[in-house]
Amino acid sequence: MLLLLSETQKVSLTGFSIRASTVTFRFRSELGDIVEELTPKLSAVIAACERIIDNQSLTEFLGFTLQTGNFINTVLRRKFRAFY
């Protein structure tokens, strides 16, 4: 698809590369601060996920919940088979 720009649109794009490079430079300079700020938060989330994964009682509870749901679905499927 070919876009044709009017003269006013061409004029507004003349400083685009300078603005784009300024934004890129600013983002690169702030990226280290962003990573530094997020690292402890991400570490906390990872630690919490590891604790959840390693929690045996939660694993058993979720397994029981899954088995219960499967049982209920099986019973309902048998009971309402005439409607399928």
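The THR24 and ALA44 beta-carbon pair, evaluated with R₀ = 41 Å, returns a calculated FRET efficiency of approximately 0.85. The equivalent ellipsoid of the range 18-83 has semi-axes of 50, 22, 4 Å, largest first, where each one is the square root of 5 times an eigenvalue of the Cα gyration tensor.
No value in this document is a laboratory result; all are computed from the given coordinates. Bear in mind the structure is a predicted one, so any value in this text is a computation, not a measurement. FYI the Cβ positions are ideal-geometry reconstructions off the backbone, even for glycines, and counts take in every protein chain you see.
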